[in-house]
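Please treat every number below as a calculation from the coordinates, not as lab data. Computed from a predicted structure; not experimentally measured. Please note: Cβ atoms are built from the backbone with ideal geometry, for glycine as well, and neighbour counts cover all protein chains shown.
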Number of protein chains: 2
Amino acid sequence: MNAEPRTQTESPDVLISRLAHAGRAAQRALALLDSAAKSRALHAAAASLRAAEAEVLAANARDVAAGQANGLSGAMLDRLRLDPARLAGIADAVDQVADLPDPVGAVLGTDTRPNGLVMSRVRIPIGLIGIIYESRPNVTADAAALCFRSGNAALLRGGSEAVHSNRAIHAALIAGLTSTGAPTDAIQLVPTQDRAAVGAMLTAAGLIDMIVPRGGKSLVARVQADARVPVLAHLDGICHTYIHAAADPAKAAAIALNAKMRRTGICGSMETLLLDAQFPASQAVVAGLLDACCELRGDARACALDARILPAAANDWDTEYLDAILSVAVVDGLDAALAHIARHSSHHTDAIVSEDVASAERFLAEVDSAIVMHNASTQFADGGEFGLGAEIGIATGRLHARGPVALEGLTTYKWLVRGDGQTRP
Amino acid sequence: MNAEPRTQTESPDVLISRLAHAGRAAQRALALLDSAAKSRALHAAAASLRAAEAEVLAANARDVAAGQANGLSGAMLDRLRLDPARLAGIADAVDQVADLPDPVGAVLGTDTRPNGLVMSRVRIPIGLIGIIYESRPNVTADAAALCFRSGNAALLRGGSEAVHSNRAIHAALIAGLTSTGAPTDAIQLVPTQDRAAVGAMLTAAGLIDMIVPRGGKSLVARVQADARVPVLAHLDGICHTYIHAAADPAKAAAIALNAKMRRTGICGSMETLLLDAQFPASQAVVAGLLDACCELRGDARACALDARILPAAANDWDTEYLDAILSVAVVDGLDAALAHIARHSSHHTDAIVSEDVASAERFLAEVDSAIVMHNASTQFADGGEFGLGAEIGIATGRLHARGPVALEGLTTYKWLVRGDGQTRP
């Protein structure tokens, strides 16, 4: 099924329906494999990917050459480009996912009723996961491995910039998986770059169980706007760090600098710094950022802290810069900080720096974000840092799974009822 | 806010937006109440409802009279009608929900990372829940109590048949809640019967966090088709009971009779009976159903069991009768039963009757339904029977919550990260 291109007369809806039915059938077969068999299949896929280094790098070179010819930006080309070390890293990640604990089959709770019925909830795979992504070819292997480890089938739709790389990686993975007897269609790559196929995936309710978009804001926004299938994603990462009056000055300066400047382009980077008016060392905190070549845009009181701070415009408080730019406001106490965050946060990650535990606990309780931190850099917002081993993404929706999502977020549950002939009175 | 009718110029979208913002603000206040305060408020609401018996029954009499004048069916009028005993039952149910364990604040897991960061997940309310329901006025109190107990605000939109009853019940509940200082807008009733208000609720993504439809299939189908907000619901309850070759004949007959005939109109009633060709007592099972005045529609082999069985049409296998009608097929073994269920089940509740544990465990593992049972009547598909104390509904979707949903299904979680100044390398 994987290798068959779309026939001349097949519409995108028919194509996606055909692939989804094949994926669902493969998922039922995959669900019968035990944890060791799934692990073995993924290790074989990783080995196959290493063995296919020449083919994958040649395919990638075609994509990079086409990207250069089409004027892709340097950042885009960097995301696209593979080399032996990067490919080895991708294969290593598949090996690591293969060794993560299998979430499927875990009993979430059991209750024996007075009539003797035993009710239990057990974790099961969700089913068929659609992954829609852009230029990073590593997503082909990462997402496929996470879905497979958790017993889900994956339907992958990568960006056209990486089409040859994705096909080569997918072919290598499938060769490895099927060598162990795993079902071929458990990981499928949509064989067309027709954009209408993405629309068909987004509306395939009942055929695709969940969509995970991986890419820039415009991709995620389109997926969230058009999808009739549940979406696991975050749109913005407008993360705040609030330096409380009782913050330790050294921790405050170190956390603020790290939260913004360690990597400015990731979703967990701080975009707004809130300085308590009673915090005595605000000047040192902003000086540290300015000295590291971060542009600061402040409200009137923040601008008074350092002549290098530019005045902020109204939309700065709702802007995800993903760059060495930071908005800075001075706030009057915890309640004002909570109000600012309630109004402007994207519910991704927000942090307080304080030595006062009561204030910190109030912040943790009252901020309504997927991740709320005390005395730590927002750059820790990452499944690996949370001990999940990997992540399929970070979710800012309120249902099913929030924050960094890995294997457990790719499962659901069913109720099992064991009786001995009970009828209901 | 509750008492204010829609102003002349306010569109349904503006009305729902106004109510939703008020509900969200109330939910933030509600989230600060501890378990005992929420319990106290609900007990006060139950007492207030009992004290308002005269007003509620008078309002209900108006609705019943209007329903009779408008030619409502006897079944609809019965769902609508309240009397002192039924009203006492509604108040008792509120008291019971008040005493259920509060799910909010439970720590779902904690992990201390090598760098000293402590990651934990804690249960929190979802936010604002929209309930869209039909003629049963008890839903006004039941759904409001479940939402409130779990820290959620509720936006209720009842059917026009019950408009006076719903307003009287809502007013009594609010009087009780607010007497204890609980936020008034935690439970709001949409003040118009304009159907466009339902559409506005269904598309209020970002303002309403989840919609729960309570009512007949056409209501649920409309909600599922039009909603941009996540929906917790089931559309069909096409429940199967498979009598395996190794079933105990007495258990098989008793379970089949109970699963169909105890109450034929509920979603957990059996709609299709699968008899294994090797089960020796099929004639007794179908005779028991026929003798209880159940109409049986069978495939050719089922019809051969008893002359009173009518031939089934193709669509009988996909029909939820909600009546004393049952489709019956004879199948060749467990695999054939699993294949029939995979094709025709609505993923609500399916059961096997067998004394062979290995076959039963295969059935439990392989049937992809929210509830899978062994040696028990499908009529047990009910939150109360599962020990949940109550239920807001039964969900057949795959994400967030499945099967009977009560307080826990009305919660989500957030990640709390506690550090001591960690920055990310």
| said: Cα atoms only: what Rg and Dmax, in Å, come out for the protein assembly as shown? | reply: 28.8, 96
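About its Cα centre, what dipole magnitude does the range B:239-385 give when the only charges are +1 on Lys and Arg Cβ and -1 on Asp and Glu Cβ, stated in debye to the nearest 20?
Value, rounded to 20: 300 debye.
Using DSSP, restrict attention to beta bridges with both residues in chain A and report what percent are antiparallel, rounded to the nearest 5.
Details: 16 of 55 bridges.
The antiparallel fraction comes to roughly 30 percent.
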| said: Report the Cα centroid-to-centroid distance between the range B:347-392 and the range A:211-283 in angstrom, as an integer. | reply: 44
| request: Can you list the distances in nanometres, one decimal and ascending, from the residue A:13 label point to the identical position in each other copy, with the point 7 Å along Cα to Cβ? | output: 2.7
| request: Would you please classify the overall shape of the range A:239-382 from the alpha carbon gyration tensor, given that a ≥ b ≥ c denote the square roots of the eigenvalues, rounded means a/c under 1.5, and beyond that prolate means a/b larger than b/c while oblate covers the rest? | output: rounded
| Under a plain spin-label model, where a point goes 7 Å from the Cα along Cα-to-Cβ, how far apart in nm are residue A:325 and residue B:323? | 6.6
| FRET E, pair residue B:343, residue A:118, Förster distance 22 Å, beta-carbon r, rounded to 0.05 | 0.15
| said: Given a 10 angstrom Cα cut-off, can you work out which residue in A:243, A:309, A:187 is the most mobile in a GNM of chain A? | reply: A:309
| For chain B, what is the mean residue ellipticity at 222 nm derived from helices alone (per DSSP H run of n ≥ 4: -39500 (n - 2.57); sum divided by total residues; nearest 500 deg cm²/dmol)? | -12500 deg cm²/dmol
| field | Sorted by Cβ neighbour density within 10 Å, fewest at the top, the residues B:361, B:391 | value | B:361, B:391
| task | Work through the residues other than residue A:296 whose Cβ is under 15 Å from its Cβ and net out their charges, Lys, Arg +1 and Asp, Glu -1. | result | -3
| field | Relative contact order of the range A:200-305, pairs being alpha-carbon contacts under 8 Å that are 6 or more residues apart, as % | value | 23
| Between residue A:25 and residue A:228, what FRET efficiency comes out of the Förster formula 1/(1 + (r/R0)^6) with R0 = 22 Å and r the beta carbon distance, rounded to 0.05? | 0.50
| said: Label position 7 Å from Cα toward Cβ: report the copy-to-copy distances for residue A:205 in nm, one decimal, ordered from shortest. | reply: 1.1
| query | Applying the Karplus parametrisation 6.51 cos²θ - 1.76 cosθ + 1.60 with θ = phi - 60° to the phi angles of the range A:325-336, what ³J(HN,Hα) value in whole Hz is obtained for each residue in order, glycine and proline being reported as x? | reply | 9, 9, 8, 9, 10, 9, 10, 9, x, 4, 4, 5
| message | Using a 7 Å offset from the Cα along the Cα-to-Cβ direction at both residue B:278 and residue B:194, what is the distance between the two label points in nm, to one decimal? | response | 6.4
| task | Only residues of the range B:256-284 count here: report those whose backbone N is under 18 Å from the spot 7 Å along Cα→Cβ of residue B:291, or say none. | result | B:256-262, B:280-284
| field | Cα centroid separation - the range A:180-204 against the range B:59-130, whole Å | value | 40
| task | Using only Cα atoms, find the angle between the long axis of helix B:53-69 and the longest principal axis of chain B, and express it within 0 to 90 degrees, rounded to the nearest 10. | result | 60
| task | Could you calculate the FRET efficiency of residue A:106 with residue A:420 from 1/(1 + (r/R0)^6), where r is the beta carbon distance between them and R0 is 22 Å, rounded to 0.05? | result | 0.30
| field | Residue order, fewest to most beta carbons within 10 Å, for B:317, A:415 | value | B:317, A:415
| request: For a footprinting-style exposure proxy, rank A:118, A:372, A:223 by other Cβ within 10 Å, fewest first. | output: A:118, A:223, A:372
| task | Let me know the mean shielding of A:389-400 by other chains, meaning the per-residue number of their Cβ atoms within 10 Å of its Cβ. | result | 3
| What does the charge add up to near residue A:148, with Lys and Arg as +1, Asp and Glu as -1, over the other residues with Cβ less than 12 Å from its Cβ? | 0
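If contacts are Cα pairs under 8 angstrom and at least 6 residues apart, what is the relative contact order of the range B:239-385 in percent?
33
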| field | Partners for residue B:260 among lysines (Cα-Cα distance below 17 Å; same-chain residues under 8 apart left out) | value | B:251
| message | How far apart, in nanometres, would the label points at residue A:301 and residue B:218 be if each is projected 7 angstrom from Cα along the Cα-to-Cβ direction? | response | 5.9
| note | Output field shielding_mean for B:367-380 (other chain Cβ, 10 Å radius) holds 6
| task | State the answer as a single residue: which of A:190, A:282, A:219 lies farthest towards the positive end of the charge dipole of the range A:152-298, with beta carbon charges of +1 for Lys and Arg and -1 for Asp and Glu, about the Cα centre. | result | A:190
| request: Could you tell me whether the range A:151-202 comes out rounded, prolate or oblate from its Cα gyration tensor? Rule is a ≥ b ≥ c as square roots of the eigenvalues, rounded for a/c under 1.5, then prolate if a/b exceeds b/c, otherwise oblate. | output: oblate
| said: What is the angle, in °, between the Cα long axis of helix A:35-51 and the longest principal axis of the Cα atoms in chain A? Nearest 10 is fine, range 0 to 90. | reply: 80
| field | Rounded to 5, the percent of DSSP beta bridges in the protein assembly as shown classed as antiparallel | value | 25
| note | Surrounding charge for residue B:236, neighbours by C-beta under 13 angstrom, Lys/Arg +1, Asp/Glu -1, total -3
